[in-house]
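Following: one structure in structure tokens, then a few remarks.
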Amino acid sequence: MNRNVFAYAYLIAVGTVVLLLNAIPGPSVGWRADGPLDVTYLCVTAALLNIPHVRLVTGRLTLVAIPVGVAALTLNPLDAALVGFASSMFLFHRRAFHLVANALMSADIAFSGASVAMTLRTEDALSISDRLLVLGVCASLNVVLVIFVFRIRLGLPIRTVVRQNFTASFYLAFGYFALASLLISYVLDGTPLGYLLATIVCVLSLALTDTIAGRRVRRVLESELSDADRHVFHTRAVEGVVHNLRNHMATAVGYLKEVDPRRLDATDRESIETATAAANDAVTVLRTLSQGATPRVSYAVEPVDLGELVTRALGMARPRARTKEVQLAVRESADDLKVKADPLLMREVITNLVNNAIDAAPANGRVELSTGKRSNGWPYFSVADNGPGVSDDHRHRLFEPHFTTKEGGTGLGLFMSYGVVREHQGELLYEGNRRGAVFTVVLPPSAAE
């Protein structure tokens, strides 16, 4: 079914249910009948405020908590649950699991908050302390449900979920959500002025999303620019040194070839042959190092399936994971992920990232690969582990050559991978924290895509 038709059918169904529920007497338990206009207003507001979002390490942060909080404070539990369900009416471009989970969680939070409010309400009114208690219940339930979903869906440890998502900005945002919900619950009185004031508060809340998103984007861009600058600096330095050494070695090899071994005795002839072989080996090493500093990409004629590359690289890494008893998992996207790439080099990048994740994960740990598309349509894959992550001091040296925190590591894997991805006109991003590393490779789609 067409997504737009589905969305409008969903909207009509929600509206019909709201009208029917308010056309009949409330349940015998004492639920009051809410104004249809109030319920409809909050349904539409919840759907609209669920569209703008800020991407977190895992999941998204939206403004839907504001209308859900208002519904919990002002509506009966059944209508509040309808507001929660309605919050997903414009999210049909997302995966079915995300849509259903979002709707069910929002409905559950709104229903539970409204149930608490119903028990606290005296003479059809709530004191400010009671309102804050209801909002606290909603926020706590939200956190618990998010942790539960990520724990079950992604298999991430609870501590990892908390550290990755519940940052200072997250708690600040929830404080603002509570304040906005509290304010709207007072001004939403069924009058045109009340709807106008509530709408103004909701519009102003969009600035919070922009602020948090802007800060996150700025941090990401600063990290990417810093990584790119350092990679270019080291690449140029390596290329310059290699170029000069290759010239000198070529001169030495040229003179060695002019020596006629037949005119030498056995000892000198052996020395010349050894020196020539060593010089040739040095030239080969320098040529390889030059290619590693600036990888030469040979694109495949046909579009490359990113999912197949990930699957093959994962299969190659299983023996290494079994040795350490690390669990490997993959979350494949249903999207068609075709990219323009050099399959060999890109498979090397995936293998490097997976091997690093296995090495970083603790015994009996977990490494997860996921694929999908960014909001701009570019395919990506991510490699996440539940290891110690990367400290702030080390974060800024991740893509430098010969920098490593592994015993016996060469420090060239990430450096060369970064160069390969850049040659593909893509991005290699570090998105983890101290409780787990997450490396993401974003690649431009193929021309066919």
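Laboratory data are not the source of any read-out in this text; all were calculated from the coordinates shown. The model shown is predicted, which means the values in this text are computed figures rather than measured ones. Neighbour counts are summed over all protein chains in view; Cβ atoms, including those assigned to glycine, are modelled from backbone coordinates with ideal geometry.
Some values worked out for this structure:
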quantity	calculated
Fewest-first ranking of 418, 299, 171, 380, using other Cβ atoms within 10 Å as the exposure measure	171, 299, 380, 418
Order of 324, 257 under a 10 Å beta carbon neighbour criterion, fewest first	257, 324
Ranked packing of 60-70, 308-318, most packed first, by mean Cβ within 10 Å	60-70, 308-318
Gain in span if fully extended, residue 171 to residue 258, counting 0.36 nm per residue against the direct Cα distance	23.9 nm
